Structure formats: C-alpha cells, structure tokens
Amino acid sequence: MPLIREEAAGRMRRDHDLMIDLIRRIKATCTQVGAIDNCDNCQPDRRQICHSGVEQLIRAFVEVTLKHNVMESLYMEECVPLAHRQAHNQAHMVIAEKLKEIRVVLSGDGNCVLAIDGIDHVLSALQDHFTEFDQQLEGYLEPA
C-alpha cells in the first residue's frame, strides 16, 4: 500500500502542474486582457481564433480538474479523517462551481475576457486549495 500512496502524491503534484500550465495557456491566448473588457471590442478574425483556443483550453482544464478531484476523493477514502475529507470535498465543490460559472459565461455571450478573469479567480482558489488541503492530504498518504 505505501507504493500506491507515494504514486498518489506524485500524481496529485503532476495534476497540479498540469492545471497551472493550462491556466497559464488560457491566459496567454488572449492578448487583449486588460486592454478591453469585452470580446466584441476585438478584431473579428482575432476574436474567432481567440475564442476557439480559450474554449478548448477551458474545456481541457475543467476535465483535468474534475478528474483530479475524483481521484483525490478516492485517495481520501482509506486513510484520511472524516473531517478533512468533508472539508476537502466541499472545497472541490466550490472550485467546480467557479468552473461552471466560467462555462456559463463562455456559452452565453462568448466573452473570453470575462472567462479569463474567472480563470484568475480559479487560480487563486486552486493555490489556496493546494496549500490548505492537498499538502495535508499528501501527509496522510505518506507511508507510516
């Protein structure tokens, strides 16, 4: 069992790196963030390319994040105190809700600038989550 726990911690760290990289890529896709507040103010050809890229990357980010959350929930079943599991899973729900809000913005009016602003909020929530919950979870997963 210790080997599985060590692998779990490594996988969690790789997922974290992937999520942070996807956020970096999402933010880099739009060169107008800070200059405009709505994609309608962007050049039409640029808007189409940007929207497609942001939408694909956000979809990938949502999938990676939700899979990561499911895996963490599975890791917690065996060796993590109930209070931590409950708080940790509640924190996952908060992040999932933020992701849903971003998808609603994108599917509603396609405003990538607002979606990227939402991604900044998710990044902040993820960094807090990594520190507050995932580091503690790694401690529970360490071999005894």
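The values are calculated or read from the model by the stated rules, or taken from the named source; none is laboratory data. Quantities reported herein were computed from a predicted structural model and do not represent experimental measurements. A quick note on method: Cβ atoms are made from the backbone with ideal geometry, for glycine too, and the neighbour counts reach across all protein chains shown. Accessible surface is based on the protein model in full, side chains and every heavy atom, while ligands, DNA and RNA are left aside. Shrake-Rupley method; radii C 1.70, N 1.55, O 1.52, S 1.80 Å.
Tabulated values for the structure
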| quantity | calculated |
| --- | --- |
| Candidate set from region 22-81 (those that are polar (S, T, N, Q) and in a loop (DSSP other than H, G, I, E, B)); member that is most open to solvent (accessible area, probe 1.4 Å) | Q43 |
| Among residues of region 35-75, those that are touching a residue at least 12 places away in the same chain (Cβ under 8 Å), farther than 25 Å from R13 by Cα and among the aliphatic types (A, V, I, L, M), counted | 1 |
| Within region 109-124, tally of residues that are in contact with a helix residue (DSSP H, G or I) (Cβ under 7 Å, 6 or more places away or on another chain), modelled with pLDDT of 85 or more and open to solvent by 20 Å² or more (accessible area, probe 1.4 Å) | 2 |
